[in-house]
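**Q** Mind having a look at this structure? Questions to follow.
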């Protein structure tokens, strides 16, 4: 279902992105989509993050009910100093066309794990929720040619003007009233102009060098937040060892792999997807080794080349996805246990309209409750999936899979986009837990298990589901495709102790009237 | 040639300045340029405080308006002055103007116009810089330096205009212009000392880097004013004005309520954050004036060496213990305002913890930088003297 979150707000937010290039960061999907409860109000929040930091994030809030009168938004650090004093909140503006849709802009002043607090006020009183936001510089803006021309013109005017003024001052500045410069004045003027010219050129060279240093520093920050490389080795025939290597040398010093937080019970979520057609998927959970590496005994797998995505959350609540590829021989591994899961099927057919129904091994199926019309990039949507039994009836026995109603992975055909999304949205559970922990009172409907990072109700399950009983058969994922192209969506739910995976292919068209990122 | 105490320049008695002597009043363009300079001074102090207190801004903040008003005023008034001098054949400034690219006008007007162009160029450059590298949270960035160069151009141009009129004048009118000169020079020092303010926080005042950068920024202006003015207390008067302007911002800005509109917030803000309490430059300025009289007959380099060294030593003698005081609870009040921090300063910062930050790695490095500070004090004093002597000769 399209929520209609595109529009002038997004257009405003994207004014910086005109010349932006697709970028494989987190991975290629930096905007945050969140669905949750602010006290009595159900809200769908989209945070369109800026591409440069400090920069302006665009916040869009859709209230499910009509009784929300006002929305306030404020950015803070997720943890540590800076998470205590919020700045003055901003009033989000209500849409003239849609009284349940609010938009606002927030400055994100630093890179790292931040949060956006959303305070709702309305007929049922006040409520508050917090959305974790991974804030990081993604790129720098190339200078448009007309501006470059204008600035070069100014530079030449100032340089030549400065030399001329120095010369004129030396030639005539000391002359008494009415006198004209003599040969000595003219000679002095020439010397002064030559010296000034040398100084001006020196100043310009110095400035160029300084600019270069500033640019290099900025690029280092951009590289720091690029997805780290997943370096893999295969030991003993089936043991895959994964080490993270940041794209900036400072990464390994500042991100402590020993301190990563458990994200719904697991320190790492490893996805192995067969290249190039995505006809196999493994969702595994490696254990941490001494020294910060991770390892997992692989299940049986066919030989082939696999794309590696490995999700972790660092101790500050910042999510990282390690990215790499691995060539594997045929693996004769152990049977899968616990929360590990897999899927095999037909490869992705680019530009083909995919089916809205994905069969399950038990004869049932998962149906994508998709609105008619093409899918557009940069549109916040609620992806709803119904799990049906072999008779086509909604199943009564859906159970939490790693603490929530379902998991979805959105992967672009060229692997430049990978997003691991939950019913609460695109932020990892570990970050969400840190964000919710900072809220005062019990305005959040989330009930957290402090040790596991699991959410047992509220946004984790669909509305109306109870923490302990079976879940509703409909699972929703708030998300938006960051760029046009062909995507494969893996939807994973659990029934009767078995993880079941439905797969859907989607062709996404460019966003109308707004540039794609 | 042995140098002597500055006296009225012989040229002054020969001048025939139809533009000013006749009326004995300060010409309009000097007032407008001085107003332009004050506008930039107020705008800059307000803008820095705005960024430290409120955080978020737009093009249309009053602080920005003051800064841009400065460029517009200087650009328009000096542009008009140049055009009027060029095209009005009976312009009173024609005989006391310089020529450049076919235009005529006072030298200071050309410099001011150059500064206005620099400020205008800094606008789109800074906007692009923010879009490309994010909103800067520091003062020193290439577009800000261009803006500062533009502002410096306007201040320097105004100073040259005042000087040219002053050097052509005599008697009461000259004294009147000299009073304007002190303000003009004080604002120039506001520029040289202001641009390095990130290095002159109190946490650095027990390190050699602080004294080193200060010796590059202050003695040159103090020596200049001492050499350009006839008053035996010129350096003291100018430094007192400079300090008074700084104190005005220290005491006035906190009177305005403010709340932070950017996160993360580390300090709770209720009013505009004032600048740091001014440095005790008045002490070396007094020492400078006293010694200047006693060394009047020495060679210039001997004088520069003595005055520069005395400047450094007296500044250290005053500022080093004063820094201890600024770190102490006794200074955390509305007078010394050391309990005011920008919202973005973490509570773990040495600034908040009142701890000195060592800026050098070793004892040897400390003394090497102190030696550089001494060298800078002497050379910059000498440059300031030469600058002042040159300025005394400006006629146009």
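Here is a yes/no grid of residues against (1) closer than 23 Å to residue B:270 by Cβ; (2) away from every other protein chain (no Cβ under 12 Å); (3) at pLDDT 90 or above:
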| site | (1), (2), (3) |
| --- | --- |
| A:57 | no, no, yes |
| A:64 | no, yes, yes |
| A:68 | no, yes, yes |
| A:109 | yes, no, no |
| A:117 | yes, no, yes |
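**Q** While we're looking at this one, here's another question. Working carefully through the options A:329, A:347, A:361, A:353, find the one that is more than 22 Å from residue A:408 (Cβ to Cβ) and out of contact with any strand residue (DSSP E or B) (no Cβ under 6 Å at 6 or more places or on another chain).
**A** A:329
**Q** Out of the residues in the range B:127-143 that are at pLDDT 85 or above and either out of contact with any helix residue (DSSP H, G or I) (no Cβ under 7 Å at 6 or more places or on another chain) or within 13 Å of residue A:141 (Cα to Cα) (or both), state the one that is nearest to the other protein chains (Cβ to nearest Cβ).
**A** By that ranking, first place goes to B:128.
**Q** Scan the range B:59-105 residue by residue and report those that are part of a loop (DSSP other than H, G, I, E, B), touching a helix residue (DSSP H, G or I) at 6+ places or on another chain (Cβ under 9 Å) and more than 25 Å from residue A:164 (Cα to Cα).
**A** Hits for the range B:59-105 are B:59, B:61.
**Q** Here's a follow-up. Exactly one condition in (1) over 26 Å from the mean Cα position of the chain (by Cα); (2) closer than 21 Å to residue B:230 by Cα; (3) modelled with pLDDT of 95 or more is not met by residue B:328; state its number.
**A** (2)
**Q** I'd like the full set of residues that are at the interface with chain A (Cβ under 8 Å from one of its Cβ atoms) and surrounded by fewer than 24 Cβ atoms within 10 Å (Cβ to Cβ), limited to the range B:95-126.
**A** Residues satisfying the conditions are B:95, B:99, B:100, B:101, B:117, B:120, B:121, B:124, B:125.
**Q** Next up: For the range A:43-72, which positions are farther than 17 Å from residue A:426 by Cβ, surrounded by fewer than 24 Cβ atoms within 10 Å (Cβ to Cβ) and touching a strand residue (DSSP E or B) at 6+ places or on another chain (Cβ under 7 Å)?
**A** Selection gives A:54, A:55, A:56, A:63, A:64, A:65, A:67, A:69, A:70, A:72.
**Q** Right, another one. For residue A:467, all conditions in the list (1) at pLDDT 90 or above; (2) out of contact with any strand residue (DSSP E or B) (no Cβ under 8 Å at 6 or more places or on another chain) hold save one; what is the number of the exception?
**A** That leaves (1) as the condition not met.
**Q** Looking at the range B:246-273 only, could you name the residues that are away from chain A (no Cβ under 14 Å) and farther than 16 Å from residue B:63 by Cβ?
**A** Those that are away from chain A (no Cβ under 14 Å) and farther than 16 Å from residue B:63 by Cβ: B:246, B:247, B:250, B:251.
**Q** From A:137, A:166, grab the single residue that is surrounded by 13 or more Cβ atoms within 10 Å (Cβ to Cβ), facing chain B (nearest Cβ under 10 Å) and in contact (Cβ under 8 Å) with a residue 60 or more places away in the chain.
**A** Exactly one residue qualifies, and that residue is A:137.
**Q** Going through A:248, A:327, A:296 one at a time, which residue ends up being assigned to a strand (DSSP E or B) and surrounded by fewer than 19 Cβ atoms within 10 Å (Cβ to Cβ)?
**A** Criteria check complete, one pass: A:327.
**Q** Report the residue count in the range A:70-93 for those that are without any contact (Cβ under 8 Å) to a residue 12 or more places away in the chain and more than 14 Å from every other protein chain (Cβ to nearest Cβ).
**A** Here the count works out to 1.
**Q** Let me ask you something else. Can you tell me which of (1) loosely packed, with under 15 Cβ neighbours inside 10 Å; (2) farther than 30 Å from residue A:309 by Cβ is the one residue A:200 doesn't meet?
**A** (1)
**Q** To continue, here is another question. Yes or no: the range B:56-69 includes at least one residue that is within 10 Å of chain A (Cβ to nearest Cβ), crowded, with 18+ Cβ neighbours inside 10 Å and touching a strand residue (DSSP E or B) at 6+ places or on another chain (Cβ under 7 Å).
**A** yes
**Q** Starting from the range B:161-181, keep only residues that are under 12 Å from residue B:31 (Cα atoms), then list their pairs with residues that are part of a loop (DSSP other than H, G, I, E, B) whose Cβ atoms are within a distance under 8 Å, requiring at least 6 positions of separation or different chains.
**A** Correct list of pairs: B:161/B:106; B:177/B:26; B:177/B:169; B:180/B:26; B:181/B:229.
**Q** Could you check, for the range B:359-380, whether at least one of its residues is in contact with a helix residue (DSSP H, G or I) (Cβ under 6 Å, 6 or more places away or on another chain), part of a loop (DSSP other than H, G, I, E, B), away from chain A (no Cβ under 14 Å) and at negative phi?
**A** yes
Listed here are the residues, each with its yes/no results for (1) more than 10 Å from chain B (Cβ to nearest Cβ); (2) part of a loop (DSSP other than H, G, I, E, B); (3) over 54 Å from the mean Cα position of the chain (by Cα); (4) more than 30 Å from residue A:254 (Cβ to Cβ).
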| position | (1), (2), (3), (4) |
| --- | --- |
| A:174 | no, yes, yes, yes |
| A:177 | no, yes, yes, yes |
| A:186 | yes, no, yes, yes |
| A:199 | yes, no, no, yes |
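**Q** Then there is this: Return the residues of the range B:294-333 that are touching a residue at least 40 places away in the same chain (Cβ under 8 Å) and not in a helix (DSSP H, G or I); say none if nothing qualifies.
**A** B:296, B:297, B:298, B:299, listed by residue number.
**Q** Separate question: Residue check: is residue B:216 in contact with a helix residue (DSSP H, G or I) (Cβ under 6 Å, 6 or more places away or on another chain), crowded, with 22+ Cβ neighbours inside 10 Å and not in a loop (DSSP other than H, G, I, E, B)?
**A** So residue B:216 fails the test.
**Q** Checking residue B:38 against (1) farther than 28 Å from residue A:90 by Cα; (2) under 26 Å from the mean Cα position of the chain (by Cα); (3) crowded, with 24+ Cβ neighbours inside 10 Å, which single condition isn't satisfied?
**A** Going through the list (1) farther than 28 Å from residue A:90 by Cα; (2) under 26 Å from the mean Cα position of the chain (by Cα); (3) crowded, with 24+ Cβ neighbours inside 10 Å, residue B:38 breaks only (3).
**Q** Restrict the check to the range B:142-159 and report whether at least one residue is crowded, with 21+ Cβ neighbours inside 10 Å and touching a strand residue (DSSP E or B) at 6+ places or on another chain (Cβ under 8 Å).
**A** No: zero hits.
**Q** Let me ask something additional. Within the range B:213-243, take every residue that is in contact (Cβ under 8 Å) with a residue 40 or more places away in the chain and over 20 Å from residue B:383 (Cβ atoms) and give me the one that is nearest to the chain's Cα centre (by Cα).
**A** Per the criteria, the residue is B:241.
The values are calculated or read from the model by the stated rules, or taken from the named source; none is laboratory data. These figures come from a predicted structure and were not determined experimentally. When we count neighbours, we look across all protein chains shown, and the Cβ atoms used for this are built from the backbone with ideal geometry, even at glycine.
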